[in-house]
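The values are calculated or read from the model by the stated rules, or taken from the named source; none is laboratory data. Please read all numbers here as calculations on a predicted model, not as lab measurements. Here Cβ is always computed from backbone atoms with ideal geometry, including for glycine, and neighbour counts include all displayed protein chains.
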Amino acid sequence: MRIAYDEQAFQIQRYGGVSRYIGHLANAVVAGGDQAAVFAPVHCNEYLRSFARVPVYGAYLPYPRGAVRPVQWLNRRLSPAMIASWKPDVVHETYYSRRPIAPPGTPTVVTVHDMITELYPDTHKNAAQYIDVKKAAIRRATRIICVSECTRRDLMRFVDVPKERTTVIHHGCTLAYDQQQVPVESLAHGRPYILYVGNRAGYKNFTALLKALGSSRWLLNRLDLVLCGGPPLSAAELRDAAALGVSDAQLRRQECSDSALASLYRNAVALVYPSAYEGFGLPVIEAMASACPVICSDGGSLPEVAGDAAETFAANSWEDMRAAIERVVDSTSRQQDLRRAGLQRAALFSWERCAAQTRQVYEESSKVSKDATLRRD
């Protein structure tokens, strides 16, 4: 098959979960014997530079955030013709667009990663407009991929689409236990630490994590908190942390490449993932694949993804979170159990499996389109 991936994710993300997912998926699709290409006339995405198997029709340009809108305007006028000239069997739209990008009659697939904006509209500056565009893309798609059963349930709750047009396909995992590691600054401090990965706003429950740690002198005497990703810590966040009992000296944040993140996972006492809701929760599987014990909430898709391989706590209770962290930190045998269970669990999540299941969706989309053409004729 010939699968085209459009520019949408790659023009708005230099790094990011959606573009990373599409890049790994496209790479695995090509490795499986199909043809795939990314059509991004102008893009700023770093991942596209590392996927040698996948041709990219477009130019890398590290433009500032303020240039995104002009780039989107330009790409919207160039990419449809580029995609049409390549004659794909299926177009996988990498984000949400009100208007179709695929050539007329070509089946389309879209992936729904979560329904966070629908559930937490305050997290998005233009929530109503974003939701409207997202609905248009979902309703237009021939087939819809959901990254978890949780996401599919939430999709069915908010968007009126037939369930038979949806398929649940879990992400693959990029990191591995034996991945090359690089030294990272955080490890030079010498103190044990727990790890937090990702953004920290709202439903991510970062403040609850600070409460859990700050309320336990026993924990603070034993470990620090290392943050990977998300924006730099603001003055307000540092003040809040200090007020809750977590000092600057015990709170460290840094940017991470995949290899640096693998090192942080491998050397952490545990990953703590307190989010109240996730459409998937990739750091949970990344930590497990890196032999890092996982402590996570029971919110959203996390029980589905973690299975029985994590220490869990109630998403709405920082006291329950504190108790879960203390149980793991206080028991080397529990840490070892979680490492073993996590490695077994992570083995179920591969990009090869994700690509094989996604290819089935592409084939179904193509068949639906051909059947519709025959009925019209």
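For the range 212-236, residues that are buried (at least 19 other Cβ atoms within 10 Å of the Cβ) and part of a helix (DSSP H, G or I) total 4. Residue pairs whose Cβ atoms lie under 6 Å apart, sitting 6 or more positions apart in sequence or on different chains, and linking a residue in the range 58-85 that is closer than 15 Å to Y5 by Cα to a partner that is surrounded by 10 or more Cβ atoms within 10 Å (Cβ to Cβ) and hydroxyl-bearing (S, T, Y), are M82/Y57. Within the range 39-63, the set of residues being modelled with pLDDT of 95 or more and touching a Gly at 6+ places or on another chain (Cβ under 9 Å) comprises F39, A40, P41, V42, H43.
Residue by residue, here is whether (1) outside the structural domain of Q13 (by TED's automatic domain parsing); (2) over 23 Å from R14 (Cα atoms); (3) at pLDDT 90 or above holds:
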site	(1), (2), (3)
V197	yes, no, yes
T207	yes, yes, yes
S216	yes, yes, yes
R222	yes, yes, yes
L227	yes, no, yes
G245	yes, yes, yes
Q254	yes, no, no
Y273	yes, yes, yes
E278	yes, no, yes
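Return the residue satisfying two criteria in turn: it lies in the range 1-38 and is aromatic (F, W, Y) and either closer than 19 Å to S350 by Cα or part of a helix (DSSP H, G or I) (or both), and of such residues it is modelled with the lowest pLDDT. Step by step, filter the range 1-38, then rank; the result is Y21. Applying the condition of being more than 17 Å from the chain's Cα centre (by Cα) and among the hydrophobic types (A, V, I, L, M, F, W, C) to the range 108-126 and asking which residue is modelled with the lowest pLDDT yields L119.
The residues of the range 36-93 that are out of contact with any strand residue (DSSP E or B) (no Cβ under 7 Å at 6 or more places or on another chain) and small (G, A, S), listed by number, are S50, A52, G66, A67, A81, A84, S85. Residues in the range 115-167 that are in contact (Cβ under 8 Å) with a residue 12 or more places away in the chain and of a type in the set (G, A, S): A136, A137, A141, S148. Applying the criterion of at least 1 residues that are without any contact (Cβ under 8 Å) to a residue 24 or more places away in the chain to the helices (runs of 4 or more DSSP H) found wholly in the range 271-375 leaves 302-306, 318-329, 332-346. The set of residues in the range 40-64 being touching a helix residue (DSSP H, G or I) at 6+ places or on another chain (Cβ under 9 Å) and part of a helix (DSSP H, G or I) consists of Y47, L48. Of all residues in the range 329-349, those being surrounded by fewer than 17 Cβ atoms within 10 Å (Cβ to Cβ) and out of contact with any helix residue (DSSP H, G or I) (no Cβ under 7 Å at 6 or more places or on another chain) number 10.
Scanning the range 79-97 for residues that are within 23 Å of F280 (Cβ to Cβ) and in a loop (DSSP other than H, G, I, E, B) yields T94, Y95, Y96, S97. Selection of the range 225-248 for residues being on the phi < 0 side of the Ramachandran plot and touching a residue at least 24 places away in the same chain (Cβ under 8 Å) yields L225, V226, L227, C228, P231, E237, D240, A241, L244, V246.
There is no residue in the range 319-328 that is surrounded by fewer than 22 Cβ atoms within 10 Å (Cβ to Cβ), within 25 Å of R153 (Cβ to Cβ) and in contact with a Lys or Arg (Cβ under 8 Å, 6 or more places away or on another chain).
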